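K.L.:
Take this structure first; my questions come after.
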């Protein structure tokens, strides 16, 4: 086989491999973090900007690859004399300077305009405080002066709402998050609703979100932040105004203790003994009627742990890493029509739909499921405080009761 035929064979192989990769990539159906499928005004602005830029870059890339291929084949050294060396043509050099400058200017001007629009946080309809820590997100809904939350007045008494894993927002509303971090740099990214925004300790960053229709929009931390960076996910749940009002009212309902003599009542006692040092459940009282207040700053390096007040109203746990719902029930929520989504999401998690396998495994040995610290000696650097949930050495009976208790937290 001659050298030219060998080269042609390699080029054909490379072309086939590239074609196969493009075809296989286009076959992907389950892409909850698809940047090419915007679901809100901010994401739409990014989409409208990126596709012509990718198109221009693709055309330029094809031209460059074609020119390189021609040069490689046509001017390959075959033992011919070295061509006469001359200086370049000035007009051609000026052209190769002017063309990239025009292209870059054409990209830069609309890019700067979109960046300015994306950073406009005036006239917000809803504000949510977002705090990142290893390895989960906390969402705190501030109370306005009139007692409303995100512009919605609770039907009962007003109060604070603090949750994790899933941030719930109203549709067709300008939602501004105020983000920071308690430990290292994290990055908040929900591709179908907006781009990335870093959350830096000691600083406050704002970012806009808008959802056109009800649904769940997946995201993840986009800044390496430690061992479980890949397990630090988040979901934004968009509800229509009626369902969002129902969500607020449910979140603020007074705490109800489990019925005496039930497994859930045993779980409440276990929770107070084992979990309440870090995890807050609003309204929980001990046997003496005193409010149980968590103090995670004495246990966890970040100084915080997820608030579990309405645990069973969420679809995920442990930093949105695992689903609380079984696969079938999860599909019923995720794939619901916009008209039915709110009802199915607000139903929460019951025993029939509970993903008990993963939840029990988490309570049994959390560090085995989500890497948090590699060696016990590393605790010396954090004054004995752990990064994430520690191993609690719970018995199976304790786990049974805790699961029963958590299921009633809705």
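Bear in mind these aren't lab numbers, they're just calculated from the coordinates by the rules spelled out. Everything quoted here is computed from the prediction, not taken from an experiment. Please note: Cβ atoms are built from the backbone with ideal geometry, for glycine as well, and neighbour counts cover all protein chains shown.
K.L.:
Would you mind calculating the relative contact order of segment 257-302 from Cα pairs under 8 angstrom and at least 6 residues apart, reporting the percent as a whole number?
P.N.:
So the answer I get is 30 percent.
K.L.:
What is the Cα centroid distance between segment 332-347 and segment 291-328, reported in whole angstrom?
P.N.:
Value for the Cα centre distance between the two parts: 23 Å.
K.L.:
While we're on this one: Hey, what angle do you get for helix 90-118 against the long axis of the chain, alpha-carbon based, 0 to 90 degrees rounded to 10?
P.N.:
20
K.L.:
Continuing with this model, one more query. Compute the angle between helix 3-26 and the longest alpha-carbon principal axis of the chain, please, reported from 0 to 90 degrees and rounded to the nearest 10.
P.N.:
30
K.L.:
Next question. What is the order of 89, 196, 370, fewest Cβ neighbours within 10 Å to most?
P.N.:
89, 196, 370
K.L.:
Across the chain, what fraction of all alpha-carbon pairs, as a whole percent, falls in each successive 10 Å bin from zero upward?
P.N.:
It works out to 4, 18, 25, 21, 12, 9, 6, 3, 1, 0, in whole percents.
K.L.:
Can you tell me how segment 91-144 classifies by the Cα gyration tensor, rounded, prolate or oblate, using a/c under 1.5 as the rounded cut?
P.N.:
Because a/c hits 1.5 or more and a/b fails to exceed b/c, segment 91-144 counts as oblate.
K.L.:
Divide by every residue of the chain the summed helix terms, -39500 (n - 2.57) for each DSSP H run of at least 4, and state the resulting mean residue ellipticity at 222 nm, rounded to the nearest 500 deg cm²/dmol. Could the numbers behind the result be given before it?
P.N.:
On the way: 10 runs with 148 residues, N = 410.
Estimated from H runs of four or more residues: -12000 deg cm²/dmol.
K.L.:
Would you please classify the overall shape of segment 182-229 from the alpha carbon gyration tensor, given that a ≥ b ≥ c denote the square roots of the eigenvalues, rounded means a/c under 1.5, and beyond that prolate means a/b larger than b/c while oblate covers the rest? Please list the in-between numbers first.
P.N.:
On the way: a/c = 3.10, a/b = 1.64, b/c = 1.89.
Taking the square roots of the gyration eigenvalues as a ≥ b ≥ c, segment 182-229 is oblate.
K.L.:
Same structure, new question: Relative to the first principal axis of the alpha-carbon coordinates of the chain, what is the inclination of helix 396-407, with its axis defined by its Cα atoms, in degrees from 0 to 90 and to the nearest 10?
P.N.:
The answer is roughly 80 degrees.
K.L.:
Whole angstrom only: what separates the Cα centroid of segment 32-108 from the Cα centroid of segment 230-281?
P.N.:
54
K.L.:
With a ≥ b ≥ c taken as the square roots of the eigenvalues of the C-alpha gyration tensor of segment 205-328, please select rounded if a/c is under 1.5 and otherwise prolate if a/b is larger than b/c or oblate if it is not?
P.N.:
oblate
K.L.:
Determine, for 127, 237, the number of other Cβ atoms within 10 Å of each Cβ, and report the residues in order from fewest to most.
P.N.:
127, 237
K.L.:
With a 10 Å radius around each residue's Cβ, average the other Cβ atoms per peptide and rank 287-294, 322-329, 238-245, 197-204, highest first. Intermediate values should be presented prior to the final figure.
P.N.:
Working: 287-294: 10.4, 322-329: 17.8, 238-245: 19.6, 197-204: 15.2.
Those peptides, ordered most packed to least, come out 238-245, 322-329, 197-204, 287-294.
K.L.:
Tell me, what is the percent relative contact order of the chain, built from C-alpha pairs under 8 Å that lie six or more residues apart?
P.N.:
Relative contact order of the chain: 15 percent.
K.L.:
Would you mind giving the average projected area, over all directions, of the Cα convex hull of segment 99-248 in nm² with one decimal?
P.N.:
With every direction weighted equally, the projected area is 10.6 nm².
K.L.:
For segment 255-384, calculate the relative contact order in percent as a whole number, restricting contacts to Cα pairs under 8 Å that are 6 or more residues apart.
P.N.:
Here the relative contact order equals 15 percent.
K.L.:
So for the chain: antiparallel DSSP bridges make up what percent, rounded to the nearest 5?
P.N.:
Working: 29 of 43 bridges.
If we restrict to bridges inside the chain, about 65 percent are antiparallel.
K.L.:
Right, another one. Where does each of 188, 224 land when they are ranked from fewest to most other beta-carbon atoms within 10 angstrom?
P.N.:
By the 10 Å Cβ count, ascending, the order reads 224, 188.
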